[in-house]
Amino acid sequence: LLLLLTGHLWAEWMSGWRLPLKIRLLSLAAAACAPLLFSGFYERLMLKTRYEAGTRFETVIESKHGVITVDKDKNVHGNGEYDGYIKLEPSAGSGMMRPYFPSAVLEKVEDVLVIGVSSGTWTRILSCHPQVRKVTAIEISSGYLKLIAAYPEVSPILNDPKVEIVVDDGRRWLRRNPARKFDLVVMNTAVHWREFATAVLSREMLEMVKAALKPGGIVTWNCTGSGRAVRTGMEVFPHTIMMMNFCVASESPLIPDRERWRSVLSTYRIGGRPVIDKQSEQGRANLEGLLGFIDHQGDQPDDSNWRWLTREQMQTKWSNERIITDDNLGHEYP
């Protein structure tokens, strides 16, 4: 509306305030229709044929990096692509198991690096890990900090003394901080075919991350169904497993330990409340269901993604895939 009115006044000035009546009426009509034309603009733009009249995003944040939206179910989208959702509790069969899984294969998790904060959900979860002393979280878009501040589930990370949030590019931060080393690096990154996805999925990026690991440290990243992203990790790291759609990699062997994982999950607290309510039957069943993930080794008869694969099984599936490099730009230019 402001642009239309400003444009009209500019046109009036250029014409010496002698615009024809019909032009003035047309401009007035356009200004009057502006609220209708742009009502639900982002909803219609993103949902397209799935848009229903009256659908509105709960939150819309615009920045130089694009548009962040959150719907009523707290699903987060960045530039129209799914970025995750704001939920903290793990449950058997759900992808929310993934930020809790590192303790199944890592004895000590004290220093954590998160590349890509987005809604802050995983950063919040990792900052509450009973062993964690420090979480360094790198996010390129400051718009997500506004989103985080608006949701009490994740907003505590903005004032948590254990959490350092840096607005920067992940690769640039790694280059500038070669002395920083971590037990765990987490990259719940963009869909593999999105613009700039190569920056976090390429061999060169994983080599930088490998250099940032402490002895025995691990890195996990979201492959989002890309065999090339999996194969690239196998090229860089001698030890890998596939955890749902996440590749877990290290220079040390990766062996899931059920009892260690049980111990960590049993003492995990977020906001002073246990993540697993062991006092209730439902909570105990959820804990056993989560731990049961370790038993789901190999492809499942029902093709469920609730499974993990050994490196040998990964080789069988993806050994012929072409690796992603900065030069070939992976899936961005197939």
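If you put +1 on each Lys and Arg Cβ and -1 on each Asp and Glu Cβ, how big is the dipole of the chain around its Cα centre, in Debye rounded to 20?
On the way: 41 positive and 39 negative charges, 141 e Å.
Charge dipole, the chain, about its Cα centre: 680 debye, nearest 20.
Taking the Cα centre of the stretch 65-179 as the origin and placing charges on Cβ (Lys, Arg +1; Asp, Glu -1), which of Tyr144, Ala179, Ile86 is farthest toward the positive end of the dipole?
Going by the charge dipole, the pick is Ala179.
From Cα pairs below 8 angstrom and at least 6 apart in sequence, can you work out the relative contact order of the chain, rounded to a whole percent?
14
Using only Cα atoms, locate the centre of the stretch 87-156 and the centre of the stretch 1-61, then give the distance between them in Å, rounded to an integer.
40
Counting only protein heavy atoms, what percent of the accessible surface of the stretch 124-248 is carbon or sulfur at a 1.4 Å probe?
53
Most fluctuating residue of Asp83, Asp295, Asp303 in a GNM of the chain with Cα springs under 10 Å: which is it?
Greatest mean-square fluctuation among the candidates belongs to Asp303.
Just checking my list (1) 0.98; (2) 1.07; (3) 0.94 against Rg/Rh (Cα atoms, Kirkwood Rh) computed from this structure; which label fits?
Label of the calculated value: (2).
Using a 10 angstrom cutoff on alpha carbons, build the Gaussian network for the chain and name the most mobile of Met14, Met187, Met244.
Of Met14, Met187, Met244, the most mobile in the Gaussian network model is Met14.
Give, rounded to the nearest 20 debye, the magnitude of the charge dipole that the stretch 24-174 has about its Cα centre when Lys and Arg contribute +1 at Cβ and Asp and Glu contribute -1 at Cβ.
Around 300 debye, computed over the stretch 24-174.
Rounded to the nearest 500, what is the chain's calculated 222 nm mean residue ellipticity when only DSSP H runs of at least 4 contribute -39500 (n - 2.57) each, over all residues?
-9500 deg cm²/dmol
Please build a GNM for the chain, connecting alpha carbons under 10 Å apart, and tell me which residue among Glu89, Glu207, Glu12 fluctuates the most.
Glu12
Percent of accessible area on the stretch 59-109 owned by carbon and sulfur, 1.4 Å probe?
45
With both bridge residues required to lie in the chain, what share of the DSSP beta bridges run antiparallel, to the nearest 5%? List each step's numbers first, then the result.
Numbers: 26 of 45 bridges.
If I count the DSSP bridges inside the chain, around 60 percent turn out antiparallel.
Please work out the FRET efficiency for the pair Gln279 and Arg180, using the Cβ-Cβ distance as r and a Förster radius of 51 Å; give the result to the nearest 0.05.
0.80
The values are calculated or read from the model by the stated rules, or taken from the named source; none is laboratory data. Just so it is clear, the model here is predicted, and its values are computed rather than measured. Using ideal geometry, Cβ is built from the backbone for each residue, glycine included, and neighbour counts are taken over all protein chains shown. Heavy atoms of the whole protein, side chains included, go into the accessibility calculation; ligands, DNA and RNA do not. Shrake-Rupley method; radii C 1.70, N 1.55, O 1.52, S 1.80 Å.
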